[in-house]
1. For A:Ile81, enumerate residues with amide H under 5 Å from its amide H, sequence gap 5+ or separate chain, H modeled in the peptide plane.
2. Tilt of helix B:133-153 relative to the longest C-alpha principal axis of chain B, in degrees (0 to 90, nearest 10)?
3. Points 7 angstrom from Cα along the Cβ direction at B:Trp236 and B:Arg128: gap in nanometres?
4. Return the single residue from A:Leu279, A:Leu150, A:Leu158 with maximal mean-square fluctuation; model: Gaussian network over chain A, springs between Cα atoms under 10 Å.
5. Whole-Hz Karplus ³J(HN,Hα) for region A:175-191, in order, using 6.51 cos²θ - 1.76 cosθ + 1.60 and θ = phi - 60°, x for Gly and Pro?
6. Across peptide B:281-288, what mean number of C-beta atoms from other chains lies inside 10 Å of a residue's C-beta?
7. Give the A-B buried accessible area in Å², both sides summed, 1.4 Å probe, nearest 100.
8. At 1.4 Å probe size, with every protein chain present, just tell me what the per residue accessible area of region B:169-385 comes to in Å².
Amino acid sequence: MIEIEGITKRYDATTVVDDVSMVIEPRTIVVIVGTSGSGKTTLLRMINRLVEPTAGVIRLDGADNRSLPGYELRRSIGYAIQGHGLFPHRTVAQNIATVPVLLGWDAARIKRRVDELMTLYQLDPQAFGPRYPHELSGGQQQRVGVARALAAEPNVLLMDEPFGALDPIIRNKAQEDLLAIQKRFGTTIILVTHDMEEAVHMGDKIAVMDAGKLVQYAKPAEILAKPASAFVETLVGASEKPFRLLSLGRVRDAVETGTAEGEAIPGDASQRDALAELLWSGRPALPVKGADGKPLGRVTVGGLVKRAARPA
Amino acid sequence: MTVRFDKLGVVIAAIVAYAAFAAPFATFRANRIVPGEARSILEALPAATGSPLLAVIVAAALIALLKTPLIMRLAAGVVALAALALLIGVAGSFLTPEGNTFARISPASGFWLLIFAFTLLLADVLTRLNLSPWARIGVLVVAAAAIGMLLVSGSWNSLSILKEYANRADSFWAEASKHVTLALGSLAAAVIAGLPLGILCHRVEKLRAGVLNVLNIIQTIPSIALFGLLIAPLGWVATHVPGAASLGIRGIGTAPAFVALFLYSLLPVVANTVVGLAGVPRAANDAARGMGMTERQRLFGVEFPLAFPVILTGIRIVLVQNIGLTTIAALIGGGGFGVFVFQGVGQTAMDLVLLGAVPTVALAFPAAIILDAVIEMTSTGRREAQPA
Ligand SMILES: Nc1ncnc2c1ncn2[C@@H]1O[C@H](COP(=O)(O)OP(=O)(O)O)[C@@H](O)[C@H]1O
Ligand SMILES: [Mg+2]
C-alpha cells in the first residue's frame with residue numbers, strides 16, 4: 001500500500017504539486033492523468049524520491065520513504081520512463097541486469113532472471129541479449145525498458161508515459177502485455193499518461209491532476225459517469241464518453257436472451273468492440289459465447305446504445 | 001569505349017607530370033651549407049634505373065587518372081611509393097662522388113611532390129576501402145616496418161638527412177626521448193588535472209564559463225610568448241622555494257616547457273570532458289538515478305563511458321598538438337627535436353632542420369591514426385538509441 005499524504009512540491013514561488021493525498025491499494029494499477037505540466041511526473045518522482053517534496057509524507061507499506069537512503073529506496077521500486085532511457089553503451093542483457101547487479105545478486109541468478117524476463121517479453125535471450133539498444137525497434141526498446149524496471153522483482157512499479165513513443169498498434173500490445181504481467185506478479189503499478197483512453201483502459205483507479213492539484217481520484221466508471229469538475233469533463237471528452245463507457249463494459253453484462261446469426265463474440269470482449277462489429281457488419285444482433293464456447297445469448301445494437309446513453 | 005576520369009586522379013596526374021618532368025628529383029651540394037644544384041630523375045639515377053622509375057611513375061599516374069578498380073589503384077600507389085623510397089637512396093650513392101664525405105645529396109621538390117601525390121592516391125584508396133580500426137592500425141604497422149627496414153638496411157645512408165643523423169646519433173636519441181617525455185608527460189598531467197576539472201565544470205554550472213574562458217585565453221597566447229611568460233615566475237619559484245631547484249625547476253629548460261604544454265593541453269581536455277558529459281542522453285542519466293545508482297556509480301558506469309569517445313577526441317587533439325608544440329620548447333632550453341630545427345636554422349643547414357622536423361611528423365602522424373582508430377572502437381555500439 002502506498003499512502004501519499006499532503007504532498008506538495010514548490011520550485012521557488014511556483015507550486016507544481018499542491019497538497020495531494022491519495023492511497024494506492026496493493027496489486028492495483030493507478031493511472032495518473034492530466035494535461036502536460038499538471039505535475040504528474042513530479043508527483044510520480046516524489047514516490048521514489050528522484051524529487052524531494054517540499055511538504056508531506058509518502059509511506060510505502062507503512063514506512064516513510066525517507067527512512068532509507070534514496071538510492072536504496074529506488075533499487076526496490078521499478079522505474080520505467082518514456083523513450084525507455086536504456087543505456088546506449090550496455091547490451092540488452094546488461095541493461096536488464098542493472099538493478100540486480102546493483103543489489104549484488106550472483107551471476108547465475110542474474111542470468112536466470114534476465115533470460116526469464118526476455119522470454120516473457122518474447123525476446124530471444126540468445127539473439128537479443130548481446131545486442132545494443134540502437135539495434136532494436138522502438139517496441140522492443142520499450143519492452144526492454146519495462147523488463148529492466150521489473151528485473152529485481154519490485155512490488156511497486158512507476159511508469160512515466162511508458163507507451164508515449166509507440167505507434168498505436170504496438171502500444172495496444174504493450175498495454176495488454178503490461179496488464180498480463182501485472183496480473184501474474186501482482187505488482188502495484190502507478191502509471192502516468194496524458195491519454196484518457198489509456199487511463200480508462202489500464203487503470204483500476206484514475207487520478208486526475210490539474211495544475212498540481214488532484215481533482216478526482218476514483219474508478220474509471222465513476223470518472224466517466226460523474227466527472228468532479230468541468231476540467232475532468234473536458235478531459236474525458238463529452239463526445240467520446242459513450243464509447244469510453246462501452247469500452248469499460250464486458251459483452252457478457254449486456255447479453256439479452258435470444259439468438260442471432262453469424263460468428264459469436266466472446267463474453268469478455270468489450271461492449272465497444274461488440275458495437276463496432278455490429279455497425280461494421282450492418283447486422284442488428286450478434287451471438288455471444290462463453291469462455292467454454294457455449295452460447296450465452298445475443299447483444300443488440302439497441303441494447304448497447306441504451307447502455308451508452310444511461311450510465312450504470 | 002568511353003574513357004572516364006577519376007576526379008582526384010586528375011589532380012594526382014597533374015602533380016605527378018609536373019614533379020616527374022619539370023621539378024628536380026634530387027639536389028646536389030658540394031658541402032652542407034652551399035646552395036644546391038638540381039638533378040632530374042634521369043640525371044640523378046643510373047640509366048638502368050632512371051627510365052624504369054619514370055615508366056613506373058607514369059603507369060601509376062595513368063591508373064590514378066582513369067577510373068580503375070580500387071585494388072589496382074592500391075597496387076599502383078604502393079609500387080610507386082616503394083620505388084621512390086628505394087631509388088632516392090640509389091640516387092644518394094650515385095650522385096655522391098667516390099670518397100667525398102662533404103658532398104650532400106638530398107631529395108628535392110620533385111621527389112617530395114611525387115611522394116605527396118602517391119600518398120594522396122593511397123589515402124584515397126584506404127578511405128574508400130572503409131577499413132576497420134584494426135586494419136588501419138595494421139596498415140600503419142606495415143608502413144612503419146617498411147620504413148624501419150629501409151633505415152636499418154642503410155640504403156638511405158648516403159642521403160644528407162641521415163648524414164646529419166650519423167654525426168649526432170647520440171644527441172638525436174637523447175632529444176627524441178626528451179621530446180616524447182615532454183609531449184606525453186604534459187598530456188598525462190593535463191588528463192589527470194583536466195578530467196576532474198571537466199567533471200567539476202559539468203556539475204557546477206557557475207564554474208563552467210569562467211574556467212573555459214580562462215583556458216581559452218591561455219590557448220590564444222602564442223606559444224613562444226607563453227614560454228617566455230613562464231620564465232619569470234618559474235625562475236622565482238626556483239630561487240625562493242626550497243628544493244624546487246633540485247627538482248629541476250628553473251626559469252628556462254624543461255620546467256617552463258612542461259608547464260606551457262600542460263596549460264595548452266588543458267583546454268581540449270576540459271572542454272571535451274564538459275561537452276562529452278553534456279552529450280550524455282538525459283534519459284540515460286534519469287534512468288541511472290531512477291534505477292538506484294549512487295552518484296559515483298552513475299559517473300563511472302554511465303556518464304563516463306558515454307562521454308569517453310568525446311574525451312578521447314580531446315586527448316587526440318592534445319597529443320598531436322603537443323608533439324608539434326614540443327619543438328618550440330628547444331627555444332627555451334627544453335630540448336626535443338626542436339634543438340635540431342633551431343640549430344639548422346642558425347647554420348642555414350636545411351638537412352639539420354629536416355632531422356628535427358621529419359621525426360616530429362613521424363611521431364604525430366601515427367599518433368593521430370592510432371587514436372582515431374581507438375576512438376572509433378570505443379564509440380561503436382554506443383550510439384544513442386533512437387526511439388522508433
Ligand atoms: N526542476 C524543476 N524546476 C522548476 N520547475 C520544474 C521542475 N520540474 C518541473 N517543473 C515544472 O513543474 C511543472 C510540472 O511538471 P511535470 O511534473 O513534469 O508535469 P507533467 O509530467 O504533468 O507534464 C511544469 O510546469 C514544469 O515546468
Ligand atoms: Mg511528465
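1. Close amide H contacts, sequence-distant or interchain: A:Asp160.
2. 50 degrees
3. 6.1 nm
4. Highest fluctuation of the listed residues: A:Leu279.
5. 5, 4, 4, 5, 4, 5, 5, 4, 4, 5, 9, x, 5, 7, 10, 10, 10
6. Counting Cβ atoms of other protein chains within 10 Å of each residue's Cβ and averaging gives 6.
7. 2200 Å²
8. With the other protein chains kept in place, region B:169-385 gives 44 Å² per residue.
The values are calculated or read from the model by the stated rules, or taken from the named source; none is laboratory data. Since we're looking at a predicted model, the values are computed, not measured. Methodologically, a virtual Cβ is constructed for each residue, glycine included, from the backbone with ideal geometry; neighbour enumeration extends over all protein chains shown. The accessibility values were calculated without ligands, DNA or RNA, using every heavy atom of the protein model including side chains. Shrake-Rupley method; radii C 1.70, N 1.55, O 1.52, S 1.80 Å.
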